[in-house]
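A quick write-up on the structure given underneath.
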């Protein structure tokens, strides 16, 4: 594979660390950039994060997954009503970023370009020769086209995960690593490093296993996964 294989964990509406990572790594058309979903909610800049991803689509080979927060957002727009659970888990911040008033919502404020982009560009999963990319997790015994929404988008990691039957390494987000460090197991790599809880946004190059992190305060660091 030419170029780098870069993977970014859950962004959750934090544009500052995303920009720091992108400015440092400068992904181009030789690179593949996989984003693991949950682009919105909790952080203050969900709309701007989505606009940034639209821009990225023209600059690099962007493979976007959809996360449970993104699904709740799209469901709210489709049915023109806000799920209470979504509002409690970060939806209020997303409404604010779009300038939508909860008490008297104007659904036209949800930019159609952004909504259509999420619908058309995000996948349930993605894979290459060595890896399976999902937002949350997989049933190790089932092929990808038979995975349930519950597993792909909602369930937390099974600490006894034994690896997918394909032998490919599973790369995911969703389950917060409050240590701020990626969780690297033999058959799984989790890159949700708790950016919205005071932690870090992580980008890892799976070819070299180097990773870079930035946080909402504008701090930056890098390291390498060695085991």
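The values are calculated or read from the model by the stated rules, or taken from the named source; none is laboratory data. Not measured: the values here are computed from a predicted model. Neighbour counts run over all protein chains shown; Cβ positions are idealised from the backbone, glycine included.
Working only within the stretch 119-139, note down all residues that are more than 19 Å from residue 191 (Cβ to Cβ) and either at pLDDT below 95 or in a loop (DSSP other than H, G, I, E, B) (or both). Of everything in the stretch 119-139, those that are more than 19 Å from residue 191 (Cβ to Cβ) and either at pLDDT below 95 or in a loop (DSSP other than H, G, I, E, B) (or both) turn out to be 129, 139. Taken over the stretch 201-227, the criterion of being in contact with a helix residue (DSSP H, G or I) (Cβ under 7 Å, 6 or more places away or on another chain) and over 21 Å from residue 137 (Cβ atoms) is satisfied by 212, 214, 215, 216, 218, 220.
For the stretch 24-39, the criterion of a residue being at pLDDT 95 or above, touching a helix residue (DSSP H, G or I) at 6+ places or on another chain (Cβ under 7 Å) and surrounded by fewer than 22 Cβ atoms within 10 Å (Cβ to Cβ) is satisfied by no position.
If you go through the stretch 205-227 and keep only what is part of a loop (DSSP other than H, G, I, E, B), at pLDDT 95 or above and in contact with a strand residue (DSSP E or B) (Cβ under 9 Å, 6 or more places away or on another chain), you end up with 206, 207, 208, 209, 215, 216, 219, 225. If you filter the stretch 92-118 down to residues that are surrounded by 16 or more Cβ atoms within 10 Å (Cβ to Cβ) and in a loop (DSSP other than H, G, I, E, B), you find that the one that is farthest from the chain's Cα centre (by Cα) is 105. Taking the condition in a helix (DSSP H, G or I) and surrounded by 21 or more Cβ atoms within 10 Å (Cβ to Cβ), does residue 16 pass? For residue 16, the condition - in a helix (DSSP H, G or I) and surrounded by 21 or more Cβ atoms within 10 Å (Cβ to Cβ) - is not met. Does residue 45 qualify as being touching a helix residue (DSSP H, G or I) at 6+ places or on another chain (Cβ under 8 Å), crowded, with 17+ Cβ neighbours inside 10 Å and more than 21 Å from residue 116 (Cβ to Cβ)? No; evaluated as a whole, the condition is false for this residue.
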